[in-house]
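Coordinate-derived values only; no laboratory data. Every value quoted in this text rests on a predicted model; they were computed, and no experiment measured them. So basically every Cβ, Gly included, is an ideal-geometry build from the backbone, and we count neighbours across all protein chains shown.
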Amino acid sequence: MIEKSQIVEVLEDYDMDDLAIATLASHTALHILKGAQEEGFKSIAVCVKGREVPYQRLRVVDEIIFVDHFAEMNNPEIQELLRERNALVVPHGSFVAYVGLDKIENEFMVPMIGNRRILRWESERDKERQLLEKAGIRMPKKIMDPRDIDRPVIVKFPGARGGRGYFITDSPEGFNQKVEAMIKRGWLSEEDVVNAHIEEYIAGTNFCLQYFYSPIFDEVELMGMDRRFESNIDGLTRIPAKDQIETNMEPSYVVTGNIQVAARESLLEQVYAMGDALKRAAEELVPPGLIGPFCIQTMCTENLEFVAFEISARMDGGTNVFMNGSPYSYLRWLEPMSSGRRLAREVKMALEKDEIEKLIT
Ligand code: AMP
């Protein structure tokens, strides 16, 4: 594990008057890079050749470092280029997926804004559950054995299939039938079935709550909210029930985009309480805890209770819905404030107070 002291050493060679903010050109890079520019930092994208168009056309990059594959961001020569440019790297979902947790933890010797140790905690389901339980945030009940299915459940499979092949059922028989059908179609292997994750299906409305913990102000800010736009489930639910049955289609939950939402105002107290609680739990379990952007993905039930089914302990994709600020970030800052810009603002404030070490690992 790369220790913070090693990263602080790297930072000692940096020119603090000429810092750059860098990220992998994917996921939430647009507002991370633009936010860096808005706050007066140079923005650097590590970009796969051929994928540079949006970053150039939207004028968010000051420099592009080209690679052939996303994973090359971890190559020693790319790391060196980043350090030469005094770059602070912003981790996001694609960075974690392509570079990989082991390499981020043990090889990526570039200062990162955020807690590099906590990335594993959002990626592994039991660790994620531990964090949420510690925070006292309600989660869907987990069902350990398919024979115990006694209510509507959603069945998820491991690996990077991102919502593909998830299914809903409400009995052990239903589980077996669906699994068999999917194995026949070649969508699942026997091994996947052993590793199936079964949890209570929460028929609520989706709120992905986007937060920002500021170590400089010691405050959790509500940055915005989104809900997921998912294929094919969002298409499937546009088909009337009788036709749905005829189509015989299986649902999938592949995120294709995000939609901005606002919650009933009376829910906001709960929203802040959850953000504060997760921040405290993370501080205890994975010090120094959450730094900067994080997200709690929830369903809100008809009893107006939030149930969290996932978290992001870094910039979440749903922040893309408020690149120009959300209703909440506007109220807090009275200017268009994306999560990317907020992160750059935090760096700026940390520099002024000579507290940059609070933000990086
Ligand atoms: P995940 O891969 O866990 O992010 O889930 C993908 C999508 O499946 C979510 O965005 C929700 O639409 C849906 N989903 C996941 N877990 C649940 C749950 N426990 N109850 C209802 N819907 C869920």
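Of note:
- Each residue in the stretch 273-302 was checked for being away from the ligand (no atom under 16 Å from the Cβ) and surrounded by fewer than 19 Cβ atoms within 10 Å (Cβ to Cβ), and 9 of them qualify.
- Count of the stretch 303-323 residues, restricted to those that are within 12 Å of the ligand (Cβ to nearest atom) and farther than 16 Å from Y211 by Cβ, is 2.
- Matching residues, the stretch 56-70, being part of a loop (DSSP other than H, G, I, E, B), touching a strand residue (DSSP E or B) at 6+ places or on another chain (Cβ under 8 Å) and under 14 Å from A36 (Cα atoms): V60, V61, D62
- Listing of helices (runs of 4 or more DSSP H) fully contained in the stretch 263-361 that carry 2 or more residues being aliphatic (A, V, I, L, M) and closer than 20 Å to I113 by Cα: 268-285, 339-352
- Check on G186, near the ligand (Cβ under 10 Å from one of its atoms) and either part of a helix (DSSP H, G or I) or at positive phi (or both): no
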